[in-house]
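**Q** Please read through the structure below; I'll follow up with questions.
The values are calculated or read from the model by the stated rules, or taken from the named source; none is laboratory data. The structure presented is a predicted model; accordingly, all values stated were derived computationally and were not measured. Neighbour counts are summed over all protein chains in view; Cβ atoms, including those assigned to glycine, are modelled from backbone coordinates with ideal geometry.
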Amino acid sequence: MLKVLIVEDDSSLRNTMTTVLELEGYQPDAVASTREALTKLSAQAYPIVVSDIYLDERTGIDILREARAQDPACAVILMSGRGSMETVMAATEGGAFDYLAKPFEMAQMIGAIRRAEQSLEEANDDEAASIDDLPDTEMIGSSAKMVEIYKTISRVAPTDATVLIEGETGTGKELIARMLHRNSKRAHHPFVPVDCGSIAPTLLESELFGTLKGAYTGADRDRMGVFEAANNGTVFLDEIGDIELGFQLKLLRFLQEREVRPLGSPRSKKVDVRVIAATNRYVQKMVEEGRFREDLWYRLNVVRLTVPPLCERPSDIALLVHYFLRRYNARYAFDTIITESGLKAMENYSWPGNVRQLQHMMERLTILAPGSRIDEAAVRTAIQETDSRDGGETLAGTEAEQVRRVLAATNGNKSRAAKILGIERKTLYRKLERMGV
Ligand SMILES: Nc1ncnc2c1ncn2[C@@H]1O[C@H](COP(=O)(O)OP(=O)(O)OP(=O)(O)O)[C@@H](O)[C@H]1O
Ligand SMILES: [Mg+2]
């Protein structure tokens, strides 16, 4: 249950708010003065604070400041019946999450709190995701195929050549793109990844080229496009095979002219960016089938790097296993070891999800291996679970125990725990409820 601090001097409003929040499943703590509120805040953290502005000798703005100083992620919702431009400005500048003008309906307040809750969860997820995909500096692997890749990287990184990286999912395409950037003269300028597959085709143009205010309904301000924002740096166009034919022409023009013209703008500007593209599809075939422009293909394909799937470089598996074991042992303060037979089992698996799958499995095993020993049985179970989880959301027999261990290792971070367990956060919440946690 999420704790909410209510600060309101009007006792009837305070009581109504408390009751409503309890009914909605929150854990409210209500106080009537700034002094009490500041005492509460110094004693414990509240993810959400709802405070009146005009209270006593101090105001809700002081509460806002204190709450955000204690915990910058805290969402503070301020309310006032005397809202003026100045108070709203002060609230916004102080980082208030929302502002409710009194009188308001309880549903409005709940709406604001739900939005705050959601943004906290998203922030949490971003954090979880960013720990997960630490822009690792190290590329592990000494198989002949990887050594060829390193050679190409070192040769082309310092140039401004456009690079196309092909490879199955999880083989390390983004990691390679980052290495190319880091080893170029652009290293101190931005590296901006754009996932072309997950951005709606209609939005991709404005994302890359920018938009002027008023270019379309809803464009309420100028937005700089990625190509301009990454000036002097590198733009990483991921999932290039997903770009629509229509937009491919615009991208081609950009690669030829190196100019951007934001939507709604009469003028174009020169930009200096290096483009690195990646795809897990076989674009050559798309060209043959007329689904990808041949001229764009040639423009992108100045240097092509083809990353082999993990099953084609089995000698790298052991190196990766030890590398991730060391990393996760360090992160979670464990001393998990892997046995000879455990390593064999890892080496014999086909790794359809490549390095990413191996990385996730090592994280899971480091935390969950019985007796902190990753042996053949532990690896087999983990592989079975990965395979069976693809469709369903079931955890194996000792699931309650697994959930507990992962939560303990992640200090109760549910987003992170769900990720390690390979289930959705909502599913984890349901499981916790069933476990009575
Ligand atoms: N050779 C490697 N050494 C160490 N870590 C690696 C290696 N290759 C990949 N990884 C790690 O595996 C994960 C997946 O890599 P990355 O995101 O670069 O893959 P990708 O090819 O872009 O996958 P997708 O096609 O699904 O986007 C990352 O956490 C990355 O750090
Ligand atoms: Mg990728």
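**Q** Residue 265 passes all but one of (1) hydroxyl-bearing (Ser, Thr, Tyr); (2) under 18 Å from residue 209 (Cβ atoms); (3) within 16 Å of ligand 1 (Cβ to nearest atom); which number fails?
**A** Only one criterion in (1) hydroxyl-bearing (Ser, Thr, Tyr); (2) under 18 Å from residue 209 (Cβ atoms); (3) within 16 Å of ligand 1 (Cβ to nearest atom) is unmet by residue 265, namely (3).
**Q** Further question: In the range 286-305, what residues are assigned to a loop (DSSP other than H, G, I, E, B) and under 9 Å from residue 252 (Cβ atoms)?
**A** The answer is 293, and nothing else.
**Q** If you go through the range 136-175 one residue at a time, how many are of a type in the set (Gly, Ala, Ser), within 16 Å of ligand 2 (Cβ to nearest atom) and surrounded by fewer than 19 Cβ atoms within 10 Å (Cβ to Cβ)?
**A** Selection size over the range 136-175: 0.
**Q** Which ones in the range 243-280 are free of Cβ contacts under 8 Å to residues at least 60 places away in the same chain, within 25 Å of residue 153 (Cβ to Cβ) and not in a helix (DSSP H, G or I)? Reasoning before the result, please.
**A** The initial filter retains those residues of the range 243-280 that are free of Cβ contacts under 8 Å to residues at least 60 places away in the same chain, namely 243-254, 256-273.
Those left that are additionally within 25 Å of residue 153 (Cβ to Cβ): 243, 251, 254, 258, 271-273.
Once the filter is applied, which keeps residues that are free of Cβ contacts under 8 Å to residues at least 60 places away in the same chain, within 25 Å of residue 153 (Cβ to Cβ) and not in a helix (DSSP H, G or I), the range 243-280 yields 243, 258, 271, 272, 273.
**Q** Out of the residues in the range 111-152 that are modelled with pLDDT under 80 and in contact with a helix residue (DSSP H, G or I) (Cβ under 6 Å, 6 or more places away or on another chain), which is farthest from residue 347 (Cα to Cα)?
**A** Selected residue: 124.
**Q** Quick one: how many residues across the range 198-245 are away from ligand 1 (no atom under 16 Å from the Cβ), among the aromatic types (Phe, Trp, Tyr) and under 26 Å from residue 178 (Cβ atoms)?
**A** Summing the residues that are away from ligand 1 (no atom under 16 Å from the Cβ), among the aromatic types (Phe, Trp, Tyr) and under 26 Å from residue 178 (Cβ atoms) in the range 198-245 gives 2.
**Q** Another question, then. Looking at the range 179-206, which of its residues are hydroxyl-bearing (Ser, Thr, Tyr) and exposed (fewer than 15 other Cβ atoms within 10 Å of the Cβ)?
**A** 198, 202
**Q** What's the number of the condition residue 140 fails, among (1) over 18 Å from residue 311 (Cα atoms); (2) in contact (Cβ under 8 Å) with a residue 60 or more places away in the chain; (3) aliphatic (A, V, I, L, M)?
**A** So the condition that residue 140 fails would be (1).
**Q** List every residue pair whose Cβ atoms sit under 6 Å apart, with the two residues 6 or more apart in sequence or on different chains, where the first one lies in the range 342-363 and is over 13 Å from residue 380 (Cα atoms) and the second, anywhere, is of a type in the set (Ser, Thr, Tyr) and within 16 Å of ligand 2 (Cβ to nearest atom).
**A** So the pair list comes out as 354/171.
**Q** Could you please find all residues in the range 46-67 being without any contact (Cβ under 8 Å) to a residue 40 or more places away in the chain and surrounded by fewer than 18 Cβ atoms within 10 Å (Cβ to Cβ)?
**A** The answer is 54, 57, 58, 62, 65.
**Q** Tally up the residues in the range 1-60 that are within 16 Å of residue 117 (Cα to Cα), of a type in the set (A, V, I, L, M, F, W, C) and either in a strand (DSSP E or B) or touching a His at 6+ places or on another chain (Cβ under 8 Å) (or both), please.
**A** The total comes to 6.
**Q** Shifting gears a bit: Residue under question is residue 360, and the condition is that it be closer than 23 Å to residue 238 by Cβ and assigned by TED's automatic domain parsing to the domain that holds residue 399; does it hold? Please lay out each step first, then the result.
**A** Values: closer than 23 Å to residue 238 by Cβ: yes; assigned by TED's automatic domain parsing to the domain that holds residue 399: yes.
Yes, satisfied.
**Q** Any chance the range 333-341 includes a residue that's without any contact (Cβ under 8 Å) to a residue 40 or more places away in the chain, part of a loop (DSSP other than H, G, I, E, B) and touching a strand residue (DSSP E or B) at 6+ places or on another chain (Cβ under 9 Å)? Please lay out each step first, then the result.
**A** To start, the set of residues in the range 333-341 that are without any contact (Cβ under 8 Å) to a residue 40 or more places away in the chain comprises 333, 335-341.
Imposing the further condition that a residue be part of a loop (DSSP other than H, G, I, E, B) reduces the set to 333, 335-336, 339.
Restricting the remaining residues to those that are touching a strand residue (DSSP E or B) at 6+ places or on another chain (Cβ under 9 Å) gives 336, 339.
Yes, because at least one residue in the range 333-341 is without any contact (Cβ under 8 Å) to a residue 40 or more places away in the chain, part of a loop (DSSP other than H, G, I, E, B) and touching a strand residue (DSSP E or B) at 6+ places or on another chain (Cβ under 9 Å).
**Q** Which of the residues that make up the range 286-303 are touching a residue at least 12 places away in the same chain (Cβ under 8 Å) and of a type in the set (A, V, I, L, M, F, W, C)?
**A** Residues of the range 286-303 touching a residue at least 12 places away in the same chain (Cβ under 8 Å): 286, 291-293, 295-297, 299-303.
Hits for the range 286-303 are 286, 292, 296, 297, 300, 302, 303.
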